[in-house]
1. Being facing chain A (nearest Cβ under 9 Å), among the acidic types (Asp, Glu), open to solvent by 60 Å² or more (accessible area, probe 1.4 Å) and in a loop (DSSP other than H, G, I, E, B) is the requirement here; does B:ASP3 meet it?
2. Residues that are more than 16 Å from ligand 2 (Cβ to nearest atom) and in contact with a helix residue (DSSP H, G or I) (Cβ under 7 Å, 6 or more places away or on another chain): list the strands (runs of 3 or more DSSP E) wholly contained in the stretch A:116-213 that include at least 1 such residues.
3. Looking at the stretch B:19-62, which of its residues are within 10 Å of chain A (Cβ to nearest Cβ), touching a Leu at 6+ places or on another chain (Cβ under 9 Å) and of a type in the set (Val, Ile, Thr)?
4. Would you please name the residue that is most open to solvent (accessible area, probe 1.4 Å), looking only at residues in the stretch A:285-319 that are hydroxyl-bearing (Ser, Thr, Tyr) and more than 31 Å from the chain's Cα centre (by Cα)?
5. All but one of (1) more than 30 Å from A:THR598 (Cβ to Cβ); (2) free of Cβ contacts under 8 Å to residues at least 40 places away in the same chain; (3) open to solvent by less than 20 Å² (accessible area, probe 1.4 Å) hold for A:ILE507; state the number of the condition that does not hold.
6. Quick one: is A:CYS685 more than 23 Å from A:PHE780 (Cβ to Cβ), within 13 Å of ligand 1 (Cβ to nearest atom) and in the same structural domain as A:ILE762 (by TED's automatic domain parsing)?
Amino acid sequence: MKEKLVLIGNGMAGVRTLEEVLKLAPEKYDITVFGAEPFGNYNRILLSPLLAKEKKLDDIMLNDLQWYSDNGITLHAGKKIVQIHRGKRFVKADDGTVVQYDRMILATGSNPFILPIPGANLPGVITFRDIHDVNAMLEAAQKYRDAVVIGGGLLGLEAAYGLRNHGMDVTVVHLLDSLMERQLDKPASGLLKRALEEKGLKFALQAQTAEIVGDARVTGVKFKDGREIPADIVVMAVGIRPNIELAKSAGLHCQRGIVINDTTQTFDPRIYAVGECVEHRGNTYGLVAPLFDMAKVCANHLAQLGYARYQGSAISTKLKVTGIDLFSAGDFNGDETTEDIVMQDAGRGVYKKLVIKDNKIKGAVMYGDTMDGSWYFQLLREGTDISAMREQLMFGQAHLGDSGHGGASSVSTMSDKTEICGCNGVCKGDIVKAITTKGLFTLDDVRSHTKASSSCGSCTGLVEQILASTLGGDYSTTPKEKPMCKCTDHTHEAVRKAIKDKHLTSIPQAMQYLEWRTPDGCHSCRPALNYYLISTWPGEAADDPQSRFINERAHANIQKDGTYSVVPRMWGGLTNPKELRAIADVADKFNIPTVKVTGGQRIDLLGVKKEDLPAVWFDLNQAGMVSGHAYGKSLRTVKTCVGSEWCRFGTQDSTGLGVQLERITWGSWMPHKFKMAVSGCPRNCAEATIKDFGVVCVDSGYELHVGGNGGVKIRATDLLCKVTSEAEAIEYGCAFVQLYREEAHYLERTAPWIERIGLGYIKERIVDDVKNRKALHERFMESQKYFQKDPWAERAAEGIEKHEFTPLKQVV
Amino acid sequence: MTDWIEIGTLDDIPKLGARVVKTSNGDIAVFRTADDNVFALDDRCPHKGGPLSQGIVHGGRVTCPLHNWQIELNSGGAVAPDIGATGCYAVQVDKGVILLNPVKRRS
Ligand code: SRM
Ligand SMILES: Cc1cc2nc3c(=O)[nH]c(=O)nc-3n(C[C@H](O)[C@H](O)[C@H](O)COP(=O)(O)OP(=O)(O)OC[C@H]3O[C@@H](n4cnc5c(N)ncnc54)[C@H](O)[C@@H]3O)c2cc1C
Ligand code: SF4
Ligand code: FES
């Protein structure tokens, strides 16, 4: 019969131990897992990007429920163990479940530390430890404005950055005078503070919190010196304490953590402990790399191989805030027995410091350029004598023995023993070997085969470089490096830049300057070039109808039988008897077979013969209707709900705002179609949160949302910010449209565009930088002078492009 | 018997564009390339009958507007990997006047 193994704590360290056990001795144990959280095992590290909305819940799952059943593991998710009976060898959960064990792993993690101050248990005080906490923060960010984060360490800053990404006003309160003092020296900490301030965070340093104020929920934070700042939520991130209650009550020896020996056993040899809950040789750990080291040793013992020993870990740290590169390891402050090598390049925002003792690296801090962090960390752990390379040390590994390979990526110079993924202890050699022997091609392959880049993700760039240098031409790095199409080697970015910098205003000119390989391009690059030209030089670059897809050339939508559909614009979805009569008349007069209400609140006339189009438009124009651009890479529809004018829940005039938005933006050409909506309250009947730009009205103003998509891959919007007036909503909306028009690739909708460039960037350009927002808005209005013309009227009444709608000849 | 029919002038068709000649046997698409060569094909894509006259002309080919098949203008043949061909007609341009021979060369 199999032995019974029970794991208490369904977290990162515990489940990693099980994975290792399954690798070494898959048949040995009958495994049962208890976890207090109601999920499979997720990547706790990625709670930060989850909060910042850079990742979704699905992305952070490490072992879903399927994994447990596939491996024959019984999972009790959502059940907390309340008792361990060591004599009778069973555990008991809070719902009464009892399970026998032969061996046990304790991996209960740690608890956030709560400052023992008045008000600490008020509603609105949140910690940052699990999914539940993130949900609480996300919910608060929707409703409230002022956030205070207590604690300027890793966790506090990541929480603050996440909340800022949701448009909250965030102040970080820190007891000391510099941030992340346990990982950074003063200069690096100063650079970090400045960069975070540029991202919109505020700081109160050397501030001791005395009290959290509020009656029903928090309203503010009071400091010892009497100052008080407003707060709708308070996030406590002041540290963690090993979770040892259960172990203590079972009579296991604990100090700060559950004490274990070098084989990860507690004082009861049947019971092992791994993770943040343990204390080993006087140390406790709060990062995953050492925990994964313990997991390996623990599994080795459970498999009864018995040769591995845990001897403690050196640790290095990175901060997961998008756009900030920071690395620290070892003793980075030094003392009178050490010497420093420092390099500072204020212009590039780069700072590096190495602490050296007896010709060995003792510590490192890097800010701005962390490329060589893993190399220094390797030298540090291995105690390498650096006297021979001392002069080049600061310039990084790529400079050692560089004989004219300046262009080659620096991973190619790394030794096979250089650790790439700190979380999982994966070296360059392991990755190269997996790529070549298992035939891997993608980042995801490497993640699943080696675990590199699968925890905190900060080594992703390095792994990609290794893929590229190992596979050579077979690996196409990121899509943004791809040429536009087969006619050229240039990327979308390069083409756009040339059009702008070289003032190119026609397709032949652009093709000649950029050395196109084909005489007149193809159906894929010509429409893109045409768009880049007219959007960069409105009024100056001539529109080329022959480089537009038929729908945009014929200003109607081609159907499978070669007929067309006609959708007149109905501003904000409003219509009236006169328009409806005209539509009915047109349908009769031209024998239009189908009249349909569309998904975008308009009316579609389907099955119109091409020759009839100008006459149909003429009649619709007579009733005051213009093109709905239902066929174009352009502003499509603005959906609205009835709003405050009629609806008993409406908070603002959503219909009116929708009409205004449509009146201002119609006619503009875009990289792809662009849809908007305005809902009058958070019930959101106009579905504003799956639109490219959506407004949800609330009592106190307007929430502006961006980057939603229905369609093939559904994506809910990100909250850009909240504003208080219609005028602001319109200005922000137009600025967003213009940023998208100027920077997205042709045929890239706002959803993939935002995922490529990041919401943070858009906020920087539109929310934080007022001048830039106004300039974008102005450029949009300028461009609209040229494009806000009804293409139907030009063709129906003025006979423009007549040849498009008439046969060349009728032969009998 | 070949009856050349005058169908219009070169200027009637935009460069890199097409016009339609209506006949009792269906529509014929007449294309003009960047270097002023003129070609005529049945206005029916060999894939699902899409109107080729509405496509984008590039080099010596047209891309069908419905599902992006590419068709050779001089032969009516689909460009690999797609397989198929559409009817093709002889055309000549004489002092700017386009003449079409409405007898199918191949179908
Ligand atoms: C007419 C309409 C269906 C209807 O009868 O209700 C429609 C019809 C077409 N849609 Fe749509 N879509 C219509 C609403 C939508 C909606 C709903 C909405 O707008 O609220 C969506 C999902 C929302 C979104 O876009 O995020 C939608 C997502 C798509 C997609 C997928 C886009 C994506 O990003 O994944 C395509 C394909 C594309 O654009 O490449 C598409 C493409 C098409 C095309 C243009 C296909 C084509 O190229 O021929 C269809 C044209 C038919 C015609 O000739 O009129 N249609 N389509 C709707 C017109 C809306 C309007 O009033 O203007
Ligand atoms: C927001 C955030 C960001 C982080 N970023 C990084 C980073 O960038 N790099 C890094 O290395 N580390 C990071 N960490 C730390 C890292 O996540 C932890 O070190 C790691 O998750 C600890 O693993 P563990 O298994 O010891 O504990 P946990 O992952 O916390 O797992 C313990 C589990 O045990 C359960 N449990 C507790 N008691 C019981 C009981 N009595 N019965 C049943 N179940 C119980 C708990 O509910 C929990 O699910 C971060 C942590 C957070 C919160
Ligand atoms: S879902 Fe849209 S694209 Fe698909 S058939 Fe319907 S209208 Fe056409
Ligand atoms: S009908 Fe021409 S490609 Fe499908």
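The values are calculated or read from the model by the stated rules, or taken from the named source; none is laboratory data. Just so we're clear, the structure is a prediction, and the values are computed from it rather than from any experiment. Cβ sites come from the backbone with ideal geometry, for glycine too, and all protein chains shown count toward neighbours. Areas reflect the complete protein model, heavy atoms only, side chains present, ligands, DNA and RNA absent. Shrake-Rupley method; radii C 1.70, N 1.55, O 1.52, S 1.80 Å.
1. For B:ASP3, the condition - facing chain A (nearest Cβ under 9 Å), among the acidic types (Asp, Glu), open to solvent by 60 Å² or more (accessible area, probe 1.4 Å) and in a loop (DSSP other than H, G, I, E, B) - is not met.
2. Values: elements: A:125-127, A:146-150, A:169-173, A:202-204.
So the answer is A:202-204.
3. Within the stretch B:19-62, B:VAL20, B:VAL21, B:ILE28, B:VAL30, B:THR33, B:ILE56, B:VAL57, B:VAL62 qualify.
4. Going residue by residue through the stretch A:285-319, those that are hydroxyl-bearing (Ser, Thr, Tyr) are A:285, A:307, A:310, A:313, A:316-317.
If we keep only those that are more than 31 Å from the chain's Cα centre (by Cα) as well, we get A:307, A:310.
Working: A:TYR307: 162, A:TYR310: 5 Å².
Per the stated criteria, the residue is A:TYR307.
5. (2)
6. Numbers: more than 23 Å from A:PHE780 (Cβ to Cβ): yes; within 13 Å of ligand 1 (Cβ to nearest atom): yes; in the same structural domain as A:ILE762 (by TED's automatic domain parsing): yes.
Here the answer is yes, as A:CYS685 does meet what is asked.
One line per residue, one yes/no per condition, for (1) near ligand 1 (Cβ under 10 Å from one of its atoms); (2) among the polar types (S, T, N, Q):
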{"site": "A:PRO538", "(1), (2)": "no, no"}
{"site": "A:ALA554", "(1), (2)": "no, no"}
{"site": "A:ILE583", "(1), (2)": "no, no"}
{"site": "A:THR594", "(1), (2)": "yes, yes"}
{"site": "A:ALA615", "(1), (2)": "no, no"}
{"site": "A:GLY624", "(1), (2)": "no, no"}
{"site": "A:TYR631", "(1), (2)": "yes, no"}
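Matching residues to (1) free of Cβ contacts under 8 Å to residues at least 40 places away in the same chain; (2) more than 16 Å from ligand 4 (Cβ to nearest atom); (3) not basic (Lys, Arg):
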| position | (1), (2), (3) |
| --- | --- |
| A:TRP537 | yes, yes, yes |
| A:ALA541 | yes, yes, yes |
| A:GLN546 | yes, yes, yes |
| A:ILE550 | yes, no, yes |
| A:ALA556 | no, yes, yes |
| A:TYR564 | no, no, yes |
| A:MET570 | no, yes, yes |
